[in-house]
1. Go through the range 187-201 and count every residue that is assigned to a loop (DSSP other than H, G, I, E, B), open to solvent by less than 70 Å² (accessible area, probe 1.4 Å) and over 21 Å from LYS420 (Cβ atoms).
2. In the range 115-134, which residues are of a type in the set (A, V, I, L, M, F, W, C) and part of a loop (DSSP other than H, G, I, E, B)?
3. For the range 441-456, enumerate the residues that are open to solvent by 20 Å² or more (accessible area, probe 1.4 Å) and under 21 Å from ASN141 (Cβ atoms).
4. Could you list, in sequence order, all residues of the range 76-114 that are over 25 Å from ILE16 (Cβ atoms), part of a strand (DSSP E or B) and small (Gly, Ala, Ser)?
5. Among the residues of the range 363-395, how many are among the aliphatic types (A, V, I, L, M) and open to solvent by 10 Å² or more (accessible area, probe 1.4 Å)?
6. Could you list, in sequence order, all residues of the range 394-442 that are small (Gly, Ala, Ser) and touching a residue at least 24 places away in the same chain (Cβ under 8 Å)?
7. Exactly one condition in (1) surrounded by fewer than 15 Cβ atoms within 10 Å (Cβ to Cβ); (2) part of a helix (DSSP H, G or I); (3) out of contact with any strand residue (DSSP E or B) (no Cβ under 8 Å at 6 or more places or on another chain) is not met by GLU285; state its number.
8. Among the residues of the range 401-411, is there at least one that is open to solvent by 30 Å² or more (accessible area, probe 1.4 Å), among the small types (Gly, Ala, Ser) and more than 30 Å from PHE237 (Cβ to Cβ)?
Amino acid sequence: MVMDISGLNFLNKDQILKEKNETDFYAKDWTGHYKPDAKLVLFPRTSIEVQKIVLWALESKVSLVPSGGRTGLSAGALAQSGECIVSFEKMNQILDWNEADMSLKVQAGVITETVQKEVQKKGYLFPVDFGAVGSSHIGGNVATNAGGINVLKYGMTRNWVTHLTVVTGEGKVLNLGRQLIKNNVGFDLMNLFIASEGTLGLITEVGLRVTQKPKEQTAFLVLIQDVSQAIEVLSAFRKSCDLAAFEIFSQQTIPLLSKHSGRKFPLQAQSEYALIFDVLGDSSEALDVFSDLLESEKLVDGVLSESAEQYEQMWFWREQITESLSELKPYKSDISVRPSKIPEFFSWVESFIKIEYAGFNVFLFGHVGDGNIHVNITKPESMKHEDFLLECQRLTPVLFQKIQDMGGSISAEHGVGLIKRDFLHYSLSEVEIDYLRSIKNVFDPQGILNPGKLLPNL
């Protein structure tokens, strides 16, 4: 069936893509397990054009899938049933900077790293940071409530949003938050759209808070033998130091990174896990803690950054793990538990895979400070990828049941999307899910926005 686009005459030719070899590029994210299928890609430049697109879609009975940098890992930006993609690629303008308010206003398609650099030029910091900042869009960060490495100190994306312009599934334009710090006037509609994954409305403009840059920032890279020591080390440093990030990765990731990059890991001692963390301000107290932990054998070895170059080199070993694993096409799951339960979770996962999935490799890494762990499992070389995916389908409910038993969440920072939609009951009760459906019906009664994502049976 050919889609009637006569009602899109308010867009120029360069704002419409129709050829399948071009639309497929915009119809998928980093998930990689689904076949994309989009009829059309539209590139609005303003909130008014987004509103007109939604009104056209309502009249034409066309479903819309929002598309940002497509760096997500939950198939949240996937079009697979002939939907129309709304790409925010051309909505990439910085609209306003106000130093007195310490705030920035941007269009949704501005790349996250662009925001970081723009704010840095002004002498401030936008602290939301993660591996995909060079290609992710601010609108996508908000739609998924992106986290990253600095959550321990600065919180999630939600903590830095002061304004949203949103076009609902009814084609109504909402201006929410108004870039105010204090704004208590009933239900917080702005926060309702954060983490809604484009199912309630299309985010077109975002107001952001910024903060002061730390005067000093030192990275520590250390080795530990047992994951329980990660919690002890975190507690020891947190008592006397200002921590921005506190990360863990298994030693199994290091040979992959070395092969991928040709670099040599800076520590040679043998251990099960490595920790990397950032200390803000004067590092003298952190050095005392570091020395005490080495002496008490809580740490196997360690090194700290003494220059900006060393800092970047040390963080490479954490930030590039996902990229180095990508060619292995791993089974991935982004989960969270309370930090105190991380040792129990690590022990269970490693034991479970060893017993139930002999020949599989498990790579664990993530954010100790906020309890967010990334589970990556790769298949034996001899196994077909299709058979691996079938085994993963059997594995997922067992993993999520464990997360439920531990009081955790099946999605920490990558969203629900399509991949985790049918497993939502492991984190939410049926009553909660019914309320989410009701909210969806208020803002998108015809169900045209990102259909099939986030909520089951919609």
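The values are calculated or read from the model by the stated rules, or taken from the named source; none is laboratory data. Nothing here was measured: the structure is a model prediction, and the numbers come from that model. Every residue, glycine among them, receives a Cβ derived from its backbone with ideal geometry; neighbour counts consider all protein chains shown. Quick note on the areas: whole protein, heavy atoms, side chains included, nothing else; ligands and nucleic acids left out. Shrake-Rupley method; radii C 1.70, N 1.55, O 1.52, S 1.80 Å.
1. The total comes to 0.
2. Taking the range 115-134 first, the residues of a type in the set (A, V, I, L, M, F, W, C) are 115, 119, 125-126, 128, 130, 132-133.
Once the filter is applied, which keeps residues that are of a type in the set (A, V, I, L, M, F, W, C) and part of a loop (DSSP other than H, G, I, E, B), the range 115-134 yields PHE126, VAL128, PHE130, ALA132, VAL133.
3. Within the range 441-456, PHE443, LEU454 qualify.
4. If the condition is that a residue be over 25 Å from ILE16 (Cβ atoms), part of a strand (DSSP E or B) and small (Gly, Ala, Ser), then SER103 is the only one that fits.
5. At the first step, the residues of the range 363-395 found to be among the aliphatic types (A, V, I, L, M) are 364, 368, 373, 375, 377, 383, 389-390, 395.
Among the residues that remain, those that are also open to solvent by 10 Å² or more (accessible area, probe 1.4 Å) are: 383, 389-390.
Going through the range 363-395 one residue at a time, the tally reaches 3.
6. First pass over the range 394-442, keeping only residues small (Gly, Ala, Ser): 407-409, 411-412, 415, 417, 427, 429, 438.
Within the range 394-442, GLY407, GLY408, SER409, SER411, ALA412, GLY415, GLY417, SER427 qualify.
7. For GLU285, the exception is condition (1).
8. No, because not a single residue in the range 401-411 is open to solvent by 30 Å² or more (accessible area, probe 1.4 Å), among the small types (Gly, Ala, Ser) and more than 30 Å from PHE237 (Cβ to Cβ).
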